[in-house]
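Colleague: Please read through the structure below; I'll follow up with questions.
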Ligand code: ADP
């Protein structure tokens, strides 16, 4: 801007100097010209009056011949009688000169003749004298062009000097003019009171825009912070890449899942973050514009990767890579598959028995006396089948959280007592001494489920106990939790099985479990019920010494 103002000012100044010089020259020349003509006329009149009154023209004419005007005296026939600058005897007849002709006619005339070289011009003033001769005064001056040529170097010199002066002054003025604009504080322009009034709208606009920009930056920062918080707290890995596989953003989970060193990966190639060929393949597929979705092995976990292309103006401009740890899901799938296989197997065994016994009876291969025995066997297997189906239904409901029964405040000791009452026959059969110890914490739970839980634990404590053994239910409170443990001094469980007894259909001794009518689902149901109520289960056991299974519930 400064440069532009400076250049424009200089150009204007240069133009003004040239115009001024030319116009001044013309005006001065005009004034000088008119003055010359006036002087010539006044000299002419003076000389004419002297010649009209003097008796001796010759003497007067020789006296004034020193004037710097040319004086010519022309007789009525055009013969030159006198000329102060030339030998008049040699001069031609002047009768055809326009100023002479006019003077003879009108008594007075004037004329201007420019020389052919354009360098000079001559003013003529002619007067008719009393003796009918004509006096002609003439003065030669430079023409406009001539005058211009004569003084051109001086004009150029003056113009150059003035122009240099203008350059200096303009530079100084431009600096002073632009300084307040340059010094505007763009962050708070309104604090600059020294700025020109004309800039007020601009400053107002800058202030508004500053405000707008600040708001936009604030909003962008907010959004970025939100994005950061969301992505950093995601358990899923999220990586954004550009079309050159350069990382734009990678969240903490992604870095952890890829087992990379923690740090900033933005601006680095994906290869720095991971060299996993499956992931790189997926990204390349997405770069070709296709969606990629695959479960891969990633550092000992099952990971599902989704690579999606991001389009901009019809072209792939980046990739969104999503990493999902599906180990649990895969495990659950495996458990479900195993469960289905186990269910089929478990159902098949009693059904095969029932079918076998029935076939024997049908073919008359069972003697009449033995029919009740076979019928009892069929009944036992059918009961077992019913128990199994009931347990499967229960576990499925717990799996799906499909419990329609309401939760209420319940006393564990009351339920414990009920359970022991229900199991009275079994206790008596094995001569097991059962007792309940401790206070009765109140929990918020579904009574039927808690009954089922305690029933399963006590049933096991009887089934896997020695005749004449003991069963103790201990109730209490510990670290803000309700604690309920069922212990026995029965056959116990070997250490290697402890981790697995809560798995579905897991039995330490299959034949023992089967003989006692076990389904292998009892402890699994216990674990599910405890978890359904926000609790947990632990087991302590020693082979041939007994088992204690403890359930922890949140207090009501
Ligand atoms: P089951 O129907 O076979 O009893 P559970 O799921 O209730 O199935 O128990 C799983 C396995 O854990 C049992 O087969 C048994 O081997 C073992 N078990 C459970 N409770 C006890 C206990 N109190 N004492 C010894 N072993 C036990």
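The values are calculated or read from the model by the stated rules, or taken from the named source; none is laboratory data. Given the structure is predicted, the values throughout are model-derived calculations rather than measurements. No Cβ is skipped: glycine too gets one built from the backbone with ideal geometry, and neighbour counts run over all protein chains shown.
Colleague: In this structure, is residue 272 over 23 Å from the mean Cα position of the chain (by Cα), under 16 Å from residue 248 (Cβ atoms) and surrounded by fewer than 16 Cβ atoms within 10 Å (Cβ to Cβ)?
Modeller: yes
Colleague: In segment 49-68, which residues are touching a residue at least 60 places away in the same chain (Cβ under 8 Å) and exposed (fewer than 13 other Cβ atoms within 10 Å of the Cβ)? So that I can check it myself, show each step before the final result.
Modeller: Filtering segment 49-68 down to residues touching a residue at least 60 places away in the same chain (Cβ under 8 Å) leaves 51-52, 68.
Matches in segment 49-68: 68 only.
Colleague: Run residue 103 past the list (1) in contact with a helix residue (DSSP H, G or I) (Cβ under 9 Å, 6 or more places away or on another chain); (2) part of a helix (DSSP H, G or I); (3) under 30 Å from residue 63 (Cβ atoms) and report the number of the one that doesn't hold.
Modeller: Every listed condition holds for residue 103 apart from (1).
Colleague: Within segment 443-457, can one find any residue that is in contact (Cβ under 8 Å) with a residue 24 or more places away in the chain and within 10 Å of the ligand (Cβ to nearest atom)? Before the answer, list the steps.
Modeller: We begin by selecting, within segment 443-457, every residue in contact (Cβ under 8 Å) with a residue 24 or more places away in the chain; these are 443-457.
Checking the rest, the ones that are also within 10 Å of the ligand (Cβ to nearest atom) come to 456-457.
Yes: one or more hits.
Colleague: Of the numbered conditions (1) part of a helix (DSSP H, G or I); (2) touching a strand residue (DSSP E or B) at 6+ places or on another chain (Cβ under 7 Å), residue 534 satisfies every one except a single condition; which is it?
Modeller: Of the numbered conditions (1) part of a helix (DSSP H, G or I); (2) touching a strand residue (DSSP E or B) at 6+ places or on another chain (Cβ under 7 Å), the odd one out for residue 534 is (1).
Colleague: Can you find, within segment 321-349, the residue that is nearest to residue 393 (Cα to Cα) among those that are assigned to a strand (DSSP E or B) and out of contact with any helix residue (DSSP H, G or I) (no Cβ under 8 Å at 6 or more places or on another chain)? So that I can check it myself, show each step before the final result.
Modeller: At the first step, the residues of segment 321-349 found to be assigned to a strand (DSSP E or B) are 321-325.
So of that shortlist, the ones also out of contact with any helix residue (DSSP H, G or I) (no Cβ under 8 Å at 6 or more places or on another chain) come out as 322, 324.
Numbers: 322: 37, 324: 31 Å.
Here the answer is 324.
Colleague: When segment 497-552 is examined, which residues are found to be within 10 Å of the ligand (Cβ to nearest atom), under 23 Å from residue 404 (Cα atoms) and free of Cβ contacts under 8 Å to residues at least 60 places away in the same chain?
Modeller: Across segment 497-552, the qualifying residue is only 527.
Colleague: I would also like to ask the following. Determine, yes or no, whether residue 171 is free of Cβ contacts under 8 Å to residues at least 24 places away in the same chain, over 30 Å from residue 264 (Cα atoms) and part of a helix (DSSP H, G or I). Even if it seems obvious, please write down each step before you answer.
Modeller: On the way: free of Cβ contacts under 8 Å to residues at least 24 places away in the same chain: no; over 30 Å from residue 264 (Cα atoms): yes; part of a helix (DSSP H, G or I): yes.
Judged against the criteria, residue 171 is not a match.
Colleague: When only residues in segment 459-470 that are in contact with a strand residue (DSSP E or B) (Cβ under 6 Å, 6 or more places away or on another chain) and within 9 Å of the ligand (Cβ to nearest atom) count, which is farthest from residue 540 (Cα to Cα)?
Modeller: Ranking the qualifying residues of segment 459-470, first place goes to 465.
Colleague: What about residue 474, is it free of Cβ contacts under 8 Å to residues at least 40 places away in the same chain, near the ligand (Cβ under 8 Å from one of its atoms) and over 22 Å from residue 407 (Cα atoms)?
Modeller: On the way: free of Cβ contacts under 8 Å to residues at least 40 places away in the same chain: yes; near the ligand (Cβ under 8 Å from one of its atoms): no; over 22 Å from residue 407 (Cα atoms): yes.
So residue 474 fails the test.
Colleague: Working carefully through the options 293, 281, 259, find the one that is within 23 Å of residue 317 (Cβ to Cβ), touching a strand residue (DSSP E or B) at 6+ places or on another chain (Cβ under 9 Å) and not in a strand (DSSP E or B).
Modeller: 281
Colleague: Report yes if residue 52 is out of contact with any helix residue (DSSP H, G or I) (no Cβ under 7 Å at 6 or more places or on another chain) and under 30 Å from residue 162 (Cα atoms), otherwise no. Talk me through it step by step, then tell me what you get.
Modeller: Details: out of contact with any helix residue (DSSP H, G or I) (no Cβ under 7 Å at 6 or more places or on another chain): yes; under 30 Å from residue 162 (Cα atoms): no.
Spelling it out, it is not the case that residue 52 is out of contact with any helix residue (DSSP H, G or I) (no Cβ under 7 Å at 6 or more places or on another chain) and under 30 Å from residue 162 (Cα atoms).
Colleague: Picking from 24, 36, which residue would you name as being part of a helix (DSSP H, G or I) and touching a strand residue (DSSP E or B) at 6+ places or on another chain (Cβ under 6 Å)? Write out each step before concluding.
Modeller: Details: 24 fails: touching a strand residue (DSSP E or B) at 6+ places or on another chain (Cβ under 6 Å).
Exactly one of 24, 36 is part of a helix (DSSP H, G or I) and touching a strand residue (DSSP E or B) at 6+ places or on another chain (Cβ under 6 Å), namely 36.
Colleague: Return the only residue of 210, 182 being loosely packed, with under 14 Cβ neighbours inside 10 Å, touching a helix residue (DSSP H, G or I) at 6+ places or on another chain (Cβ under 9 Å) and farther than 29 Å from residue 315 by Cα.
Modeller: Numbers: 210 fails: loosely packed, with under 14 Cβ neighbours inside 10 Å.
None of the other options fit; the residue is 182.
Colleague: Please name all residue pairs, on different chains or six or more residues apart, with Cβ atoms under 6 Å, provided the first residue is in segment 10-36 and is in contact (Cβ under 8 Å) with a residue 24 or more places away in the chain and the second residue is outside any helix (DSSP H, G or I).
Modeller: 36/139; 36/141
Colleague: Among the helices (runs of 4 or more DSSP H) lying completely within segment 405-516, list those that include at least 2 residues that are closer than 21 Å to residue 545 by Cα. If you could, list the steps in order and put the result at the bottom.
Modeller: Details: elements: 412-422, 424-430, 447-463, 495-498, 510-515.
Result: 424-430, 447-463, 495-498, 510-515.
Colleague: If you take the residues of segment 479-493 that are farther than 14 Å from residue 433 by Cβ and more than 8 Å from the ligand (Cβ to nearest atom), which of them is surrounded by the most Cβ atoms within 10 Å (Cβ to Cβ)?
Modeller: Per the stated criteria, the residue is 484.
Colleague: Please indicate, with yes or no, whether at least one residue in segment 118-138 is under 19 Å from residue 29 (Cβ atoms), at pLDDT 85 or above, in a helix (DSSP H, G or I) and touching a helix residue (DSSP H, G or I) at 6+ places or on another chain (Cβ under 9 Å).
Modeller: No.
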